[in-house]
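Reading through the structure tokens given below for one structure.
The values are calculated or read from the model by the stated rules, or taken from the named source; none is laboratory data. Keep in mind that this is a model prediction, so the values were computed, not measured. Glycine gets a Cβ as well: all are built from the backbone with ideal geometry, and neighbour counts include every protein chain shown.
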């Protein structure tokens, strides 16, 4: 699973300990985490860890892991995901340490985070909005007096000009810093799930890949274009859909979201 899948999984486990149970993500016999899980689930007592020596009696199994995501199923012949419109995400949960909380004093307050980068995978081009349009929205918000920022990390490819740079060592540190943001503007993915988890408003660009009815949140301004085809390889339909999202549309969505902050 990616960051977003793990964040959604943490949402499924919300409140488990308070209800007297613990959630196991797996196949009913084995807890199945991936290489991103520990970073997201760290110190979360609602979730049973893979190294647990025994399965407690109060366990509740949830079949949510790589290959079993609930919100989609694979159509291999057509290289696409078929979306489950009955799925709704619950905002995820992070348990931050005292050290992580203490570091917040070094992060600017009430900034607007913009993230023009999407994950480098086959479906990446289908979720990529043009860098020039991100910059145009950035310039409009700066004109309005807002501080616009971008996280700096080792894998970033695209950077906006004349903004505040916030260095981050990993995704978890970025999410911790996100708690100081006023608004997030990004494509659908791990960052928009993180924004929901820390109760931050966002403008989320869905385009034509995945429908906001499946992985979107009511807290956010979700911008979709036409039918979500779910192609997980480069898709001209999805690229065209993203190109139909205008600078004005994103800027107006940002103003609506900011008015509610």
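Residue count for the range 144-173 under the criterion of being in a strand (DSSP E or B) and within 17 Å of residue 254 (Cα to Cα): the result is 3. No other residue among 236, 213 is at pLDDT 95 or above, within 17 Å of the chain's Cα centre (by Cα) and surrounded by fewer than 17 Cβ atoms within 10 Å (Cβ to Cβ) apart from 213.
Residue 50 satisfies every condition listed in (1) modelled with pLDDT of 95 or more; (2) within 22 Å of the chain's Cα centre (by Cα); (3) assigned to a loop (DSSP other than H, G, I, E, B) except (2). For residue 210, the criteria (1) touching a helix residue (DSSP H, G or I) at 6+ places or on another chain (Cβ under 6 Å); (2) closer than 20 Å to residue 6 by Cβ; (3) assigned to a loop (DSSP other than H, G, I, E, B) hold in every case but one, which is (1). Is it the case, given these coordinates, that residue 96 is in a loop (DSSP other than H, G, I, E, B) and either touching a strand residue (DSSP E or B) at 6+ places or on another chain (Cβ under 8 Å) or not assigned by TED's automatic domain parsing to the domain that holds residue 43 (or both)? Considered against the rule, which asks whether it is in a loop (DSSP other than H, G, I, E, B) and either touching a strand residue (DSSP E or B) at 6+ places or on another chain (Cβ under 8 Å) or not assigned by TED's automatic domain parsing to the domain that holds residue 43 (or both), residue 96 comes out as yes.
Which condition breaks for residue 141 when tested against (1) free of Cβ contacts under 8 Å to residues at least 40 places away in the same chain; (2) in a helix (DSSP H, G or I); (3) touching a strand residue (DSSP E or B) at 6+ places or on another chain (Cβ under 7 Å)? Checking residue 141 against (1) free of Cβ contacts under 8 Å to residues at least 40 places away in the same chain; (2) in a helix (DSSP H, G or I); (3) touching a strand residue (DSSP E or B) at 6+ places or on another chain (Cβ under 7 Å), the one that fails is (1). Take residue 253 and decide whether it is buried (at least 23 other Cβ atoms within 10 Å of the Cβ) and part of a helix (DSSP H, G or I). Against the criterion (buried (at least 23 other Cβ atoms within 10 Å of the Cβ) and part of a helix (DSSP H, G or I)), residue 253 does not qualify.
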